[in-house]
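A.B. asks: Take this structure first; my questions come after.
The values are calculated or read from the model by the stated rules, or taken from the named source; none is laboratory data. No experiment lies behind these values; they were computed from the predicted model shown. Cβ coordinates were reconstructed from backbone atoms using ideal geometry, including for glycine residues, and neighbour counts include every protein chain displayed.
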Amino acid sequence: MRIDGRETGDKRPISIQTDFVGTAAGSCLIATGKTRVICTASVEETVPPFLKGKGQGWVTAEYAMLPASTGTRKKRDGVKKDSRGVEIQRLIGRSLRQAIDLKALGERTITLDCDVLEADGGTRTASITGAMVALTCAVDRMMAEGRLLASPLRHQVAAISCGIVGKEPCLDLCYQEDSQAKVDMNIVMNERGEMIEIQGTGEGRAFSREELDRLLALGEKGVRELMEAQREALGDRARHLCARPVLLAATGNAHKLQELQQIFADYYTILPMSAAGFTEDIEENGATFAENAAIKAEAVCAATGLPAIADDSGLSVTALGGEPGVYSARYAGVHGDDEANNDLLLRKMGDRTDREAFFICALALKIPGREPILTEGRCPGTILYERRGTGGFGYDPLFLYEPLGKTFAEVNGEEKNAVSHRARACAAMKEKMAELREE
């Protein structure tokens, strides 16, 4: 049994009260045992000079212990803060920057202030855990106000202390245990169990690799329990945690947008370009599908400063020398008139027996500061003599996909997205994106 009656693997009781400070963009009061910290998040529409014009934001932190937070009065920080406070606020800032996509945040600064009301050990770890909640509340407010299209939070972060008291590894040390610990450690982790920072010191004696492993296992257990408490305190706002990155779809075609959203659902949040205020017509004057896709993605990215994905797709009929090709959507003269386009295709095909055709999709991803990334997908099929099916769009009622024995207008969305030209181009794009993440 420990000083306060806990088992070695037990964390202290935790409570998190969100929106504790009504004037802050995000806030909470976090209590771990007798340690209590007010965490607030403030947002400024500017960035430090070293980030001006770089298209990214910044997250920083300040930490202070109020005078009555300890048994004896602690002097307030003057112009020069005490070195311990500086070290801790740098740790908080480093830890929370790991939670957020700074480019997705845009050119704004979020300052996390952590003020200790009462200290009984673990003030830095409680500050990190509480600051994550305050940051999430601030993101929720910015989204509600329309300042952010989607959550830039890519990870959930929490921190806890552990140490060797006497001969036993223990979790979440109170002040009395911390002052007697032979080994003291602070662990910051994300939801994947990945380490963000480990601060470990053999103050009373050296520690073995086996002891280190036991402390890390205790720390991971404690962090996961703290993350459950964070999510419970946030309620519906917890949906902003670990959000999928956003890509703007450079299309006004609702069918294409829906297909892209379904295909990338497990990886990305696809929003229409109109969500970022882009409603201009883009002149597609390329000679190939790939050129047109790149033109659209670059136009949306340049106008919004956000990553954009675009496709250009259509039908290529072998007997017609590749027609309608890049003119697929306006084959009969009016853009998007599916009935007229299908009628013209049937007239041109007549009674030909060679009815081989391909749906082709070129996909372009434009990330600010990079050249467009291009992929292509092809789906082979046969042009029928008459329409079949009522689903899909474009030439789907005439395009027979022989392995299924159905036209694309007869299959459901799941079936089509498993084999379509767009699905194949997207699969190739996912591989490219995976390579980017590894860079």
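A.B. asks: Is it the case that residue 22 is outside any strand (DSSP E or B) and under 24 Å from the mean Cα position of the chain (by Cα)?
C.D. replies: no
A.B. asks: Right, another one. Counting only residues that are out of contact with any Lys or Arg (no Cβ under 9 Å at 6 or more places or on another chain) and touching a residue at least 12 places away in the same chain (Cβ under 8 Å), which one in the range 42-51 is farthest from residue 118 (Cα to Cα)?
C.D. replies: So the residue we want is 51.
A.B. asks: Still on this structure, please answer the following. Taking the range 292-313, which residues are in contact (Cβ under 8 Å) with a residue 60 or more places away in the chain and within 22 Å of residue 379 (Cβ to Cβ)?
C.D. replies: Selection gives 292, 293, 294, 296, 297, 309, 310, 311, 313.
A.B. asks: For the range 276-305, give me the residue count where each residue is in a loop (DSSP other than H, G, I, E, B) and either touching a strand residue (DSSP E or B) at 6+ places or on another chain (Cβ under 9 Å) or closer than 16 Å to residue 358 by Cβ (or both).
C.D. replies: Number satisfying all stated conditions: 5.
A.B. asks: Does the range 52-92 hold any residues that are farther than 14 Å from residue 111 by Cα and of a type in the set (Ser, Thr, Tyr), and which are they?
C.D. replies: Scanning the range 52-92 gives 69, 70, 72, 83.
A.B. asks: Condition test on residue 238, is it part of a loop (DSSP other than H, G, I, E, B) and either over 17 Å from residue 329 (Cβ atoms) or among the aliphatic types (A, V, I, L, M) (or both)?
C.D. replies: Working: part of a loop (DSSP other than H, G, I, E, B): no; either over 17 Å from residue 329 (Cβ atoms) or among the aliphatic types (A, V, I, L, M) (or both): yes.
No; evaluated as a whole, the condition is false for this residue.
A.B. asks: Quick one: count up the residues across the range 186-223 that are over 32 Å from the mean Cα position of the chain (by Cα) and in contact (Cβ under 8 Å) with a residue 60 or more places away in the chain.
C.D. replies: Total meeting the criteria: 0.
A.B. asks: Something else about it: Inspect the range 46-66 for any residue being outside the structural domain of residue 301 (by TED's automatic domain parsing), in a strand (DSSP E or B) and β-branched (Val, Ile, Thr) and give the result as yes or no.
C.D. replies: To start, the set of residues in the range 46-66 that are outside the structural domain of residue 301 (by TED's automatic domain parsing) comprises 46-66.
Applying the additional criterion that residues be in a strand (DSSP E or B) yields 58-65.
If we keep only those that are β-branched (Val, Ile, Thr) as well, we get 59-60.
Yes, the range 46-66 has at least one match.
A.B. asks: Do we find that residue 266 is of a type in the set (Asp, Glu) and within 27 Å of residue 144 (Cα to Cα) in this structure? Lay out the reasoning, then the answer.
C.D. replies: Working: of a type in the set (Asp, Glu): yes; within 27 Å of residue 144 (Cα to Cα): yes.
So residue 266 passes the test.
A.B. asks: Further question: If only one of 432, 416 is assigned by TED's automatic domain parsing to the domain that holds residue 339, farther than 19 Å from residue 314 by Cα, in a helix (DSSP H, G or I) and under 34 Å from the mean Cα position of the chain (by Cα), which one is it?
C.D. replies: Of 432, 416, the one residue that is assigned by TED's automatic domain parsing to the domain that holds residue 339, farther than 19 Å from residue 314 by Cα, in a helix (DSSP H, G or I) and under 34 Å from the mean Cα position of the chain (by Cα) is 432.
A.B. asks: Within the range 160-216, which strands (runs of 3 or more DSSP E) (wholly inside it) include 2 or more residues that are crowded, with 22+ Cβ neighbours inside 10 Å? Walk me through how you get there before you give the answer.
C.D. replies: Numbers: elements: 168-171, 183-190, 195-201.
The strands (runs of 3 or more DSSP E) meeting that bar are 168-171, 183-190.
A.B. asks: Related question: Being in a loop (DSSP other than H, G, I, E, B) and of a type in the set (Ser, Thr, Tyr) is the filter; apply it to the range 306-361 and report the residue that is farthest from residue 287 (Cα to Cα).
C.D. replies: Taking the range 306-361 and keeping what is in a loop (DSSP other than H, G, I, E, B), we get 306-307, 321-323, 331-337, 350-355.
Checking which are of a type in the set (Ser, Thr, Tyr) leaves us with 331, 353.
Values: 331: 15, 353: 28 Å.
Checking each candidate, the answer is 353.
A.B. asks: Scanning the range 4-22 for residues that are closer than 18 Å to residue 223 by Cβ and of a type in the set (S, T, N, Q), which turns out modelled with the lowest pLDDT?
C.D. replies: Among residues in the range 4-22 that are closer than 18 Å to residue 223 by Cβ and of a type in the set (S, T, N, Q), the one modelled with the lowest pLDDT is 8.
A.B. asks: State the number of residues belonging to the range 236-266 that are among the charged types (D, E, K, R), in contact with a helix residue (DSSP H, G or I) (Cβ under 8 Å, 6 or more places away or on another chain) and either over 22 Å from residue 280 (Cβ atoms) or at pLDDT 85 or above (or both).
C.D. replies: Step one: list which residues in the range 236-266 are among the charged types (D, E, K, R), which gives 236-237, 239, 244, 256, 259, 266.
Filter again for in contact with a helix residue (DSSP H, G or I) (Cβ under 8 Å, 6 or more places away or on another chain), leaving 237, 256, 259.
Checking which are either over 22 Å from residue 280 (Cβ atoms) or at pLDDT 85 or above (or both) leaves us with 237, 259.
Count: 2.
A.B. asks: Another question, then. Report, by residue number, each residue of the range 244-268 that is in a loop (DSSP other than H, G, I, E, B) and either among the β-branched types (Val, Ile, Thr) or within 20 Å of the chain's Cα centre (by Cα) (or both).
C.D. replies: Those that are in a loop (DSSP other than H, G, I, E, B) and either among the β-branched types (Val, Ile, Thr) or within 20 Å of the chain's Cα centre (by Cα) (or both): 244, 245, 250, 251, 264, 265, 266, 267, 268.
A.B. asks: How about the range 73-107: which of its residues are among the hydrophobic types (A, V, I, L, M, F, W, C) and outside any loop (DSSP other than H, G, I, E, B)?
C.D. replies: Selection gives 86, 88, 91, 92, 96, 100, 102, 104, 105.
A.B. asks: Next question. Can you confirm whether the range 108-127 contains a residue that is at pLDDT 95 or above, over 30 Å from residue 248 (Cα atoms), under 18 Å from the mean Cα position of the chain (by Cα) and in a strand (DSSP E or B)?
C.D. replies: Scanning the range 108-127, I find no residue that is at pLDDT 95 or above, over 30 Å from residue 248 (Cα atoms), under 18 Å from the mean Cα position of the chain (by Cα) and in a strand (DSSP E or B), so the answer is no.
A.B. asks: Which of the following residues is surrounded by 19 or more Cβ atoms within 10 Å (Cβ to Cβ), basic (Lys, Arg) and under 23 Å from the mean Cα position of the chain (by Cα): 54, 103, 11?
C.D. replies: Checking each option against the conditions leaves just 103.
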